[in-house]
Amino acid sequence: MRLSRFFLPVLKETPAEAQIVSHRLMLRAGMIRQEAAGIYAWLPLGFKVLKKIEQIVREEQDRAGAIELLMPTLQLADLWRESGRYDDYGQEMLRITDRHERELLYGPTNEEMITEIFRSYVRSYKDLPKNLYHIQWKFRDEQRPRFGVMRGREFLMKDAYSFDVDEAAGRHSYNQMFVAYLRTFARMGLKAIPMRAETGPIGGDLSHELIVLAETGESVVYCDKNVLDLPIPGEDTDYQSDLSGIVEQWSSIYACTEDVHEQARYEAEVKPENRLETRGIEVGQVFFFGDKYSKPMKAVVAGPDGVERPVQMGSYGVGVSRLVAAIIEASHDDNGIIWPESVAPFGVTILSLKPGDAEVDLACETAYEALTKAGREPLYDDRDERAGGKFATADLIGMPWQLIVGPKGIANGEVELKNRKTGDRQTLSLPDALKALGA
RNA sequence: CGGAGUGUGGCUCAGUCUGGUAGAGCACUGCGUUCGGGACGCAGGGGUCGCAGGUUCGAAUCCUGCCACUCCGACCA
């Protein structure tokens, strides 16, 4: 992409309403625009990142055996009356009436709908287990939206729902998602720690929140430093095998949010030098809640004995849009965002320090073509801007690699390759620089 | 939902107390000089001062009502 043709409305000054660093940087980098309280338009740069994150979530869900579908944003109120949650949800639920006076709601989650879909088709234990997920926009009419997309009213979420014949099988499904989440967040460059959690209004007795450690996070967390060094399950993990060892390994080390923190247990289990009290952002949550929805909604299957019983369910959420902000909270500096390569909107930016100079143009075009062919998604800053502005923009928007092409270097047959994260600069020939970038 | 604020050009803000022809910086347009870490000069364009009433010769400014947004708390993927 040539920057001269892209839509990147960066701001030099920080809009007054933004309090936390990710919100400020997302506005300054031209990633989002607020349309109403807690409702944002995703501008091209932000949308690219959102899509990258969504795709990683999707790949890891698929790998773990979950099946993607897509449910609508609008749901019938009657469906929620079946589970009894229509009234429980209160003002957070956005209620809508259509022209026929039919009561609808903009879905804040999809337990009811997926249960309705499931019960319509599945009758036998032979059809189990199943894990269905979708990635869809949700709406919760928060009393007080804040922190940009971190706590918006409209948000993109991946939610998966598992269906099993009994509790043991249900726990296996839970473990599969637990492991998938470890992999998902690690791929985005995040340290996300599963922490024992309260089950909240959704109910059930087994739940973990996945918390990204970030000084600017909303919740206070307490954990054993050893949890940071646990290995992430590899790509070759067999999701059909018994995963309880991995789950046990992670959940045996103390890690709790403020809500369920027990100081006495913490002091007993964690050596003073290993105690880590910091802040974190919840980016995912896994629940096993048994028959909470299947029982009232009559989602039953016949077992091997011919007796019908409610299916055992779990639900597994990932805040996809929130993750954009969480990654920034965890990875930025005074100059701007530092994208991990896996979610960067572009792989590398080519900074032409003197557009119009024949030699510089030639080198940039050569690099642009080669990097495009190599699938590195280059962003070519071909604007007629001063060098300082280009450096500042590239840093602000977090480009992981900057290929700097200026007349002085080109005269010596050299370009510079800068790593955003470390700040390291190497002076190389153009072919060597391209080779270093995999082109 | 309790409490506290703020609405003035695309952005950051001054002006409001004490009513008298709407300002600055950034951004934008043109010209010139600059040109490896957000340059400089000159000349321009752009605002029903959140909305609706009211007071007044005259309202961004005073009064009333409404709306939106933000912050603190409670709540929350």
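The values are calculated or read from the model by the stated rules, or taken from the named source; none is laboratory data. What you see is a predicted model; the values in this text were computed from it and never measured. Reconstructed Cβ throughout: ideal geometry from the backbone, glycine too, with neighbour counts over all protein chains shown. Note: accessible area is taken over every heavy atom of the protein model, side chains too, but ligands, DNA and RNA are not part of it. Shrake-Rupley method; radii C 1.70, N 1.55, O 1.52, S 1.80 Å.
Shown here for the stretch A:118-188: trypsin sites (Lys or Arg not before Pro) in loop regions (DSSP other than H, G, I, E, B) with at most 15 other Cβ atoms within 10 Å, namely A:R123. Across the stretch A:100-110, computed HN-Hα scalar couplings (Karplus, 6.51 cos²θ - 1.76 cosθ + 1.60, θ = phi - 60°) run 9, 6, 7, 7, 10, 8, 8, x, x, 5, 10 Hz from first to last residue, x flagging Gly and Pro.
Rolling a 1.4 Å probe across the protein heavy atoms gives chain A an accessible surface of 45 Å² per residue.
3J(HN,Hα) couplings calculated from phi for the stretch A:342-355 with the Karplus curve 6.51 cos²θ - 1.76 cosθ + 1.60 (θ = phi - 60°) are, in sequence order, 5, 10, 4, x, 9, x, 7, 10, 9, 9, 8, 7, 8, x Hz; Gly and Pro show x. The simple spin-label model puts a point 7 Å past each Cα toward its Cβ; for A:E68 and A:D259 those points are separated by 2.9 nm.
Using θ = phi - 60° in the Karplus curve 6.51 cos²θ - 1.76 cosθ + 1.60, the 3J(HN,Hα) couplings for the stretch A:425-436 round to 10, 10, 9, 9, 6, 4, x, 5, 5, 5, 4, 4 Hz; x is entered for Gly and Pro.
Ignoring aspartates and glutamates fewer than eight residues from A:K435 along the same chain, the ones with Cα atoms less than 18 angstrom from its Cα are A:E341, A:E365, A:E369, A:E377, A:E414, A:E416, A:D424.
Loop-located trypsin sites (Lys or Arg not before Pro) in the stretch A:4-109 (DSSP state other than H, G, I, E, B) with a sparse environment of at most 12 neighbouring Cβ atoms within 10 Å: A:R5, A:K12, A:R99, A:R102. Accessible surface of chain A, 1.4 Å probe: 48 percent of it comes from carbon and sulfur atoms. Of the GluC sites (Glu not before Pro) in the stretch A:1-98, the ones in a loop by DSSP (not H, G, I, E or B) with at most 12 other beta carbons within 10 Å are A:E13, A:E17. For chain A, the longest principal axis of the Cα atoms and the long axis of helix A:358-373 meet at an angle of about 20 degrees.
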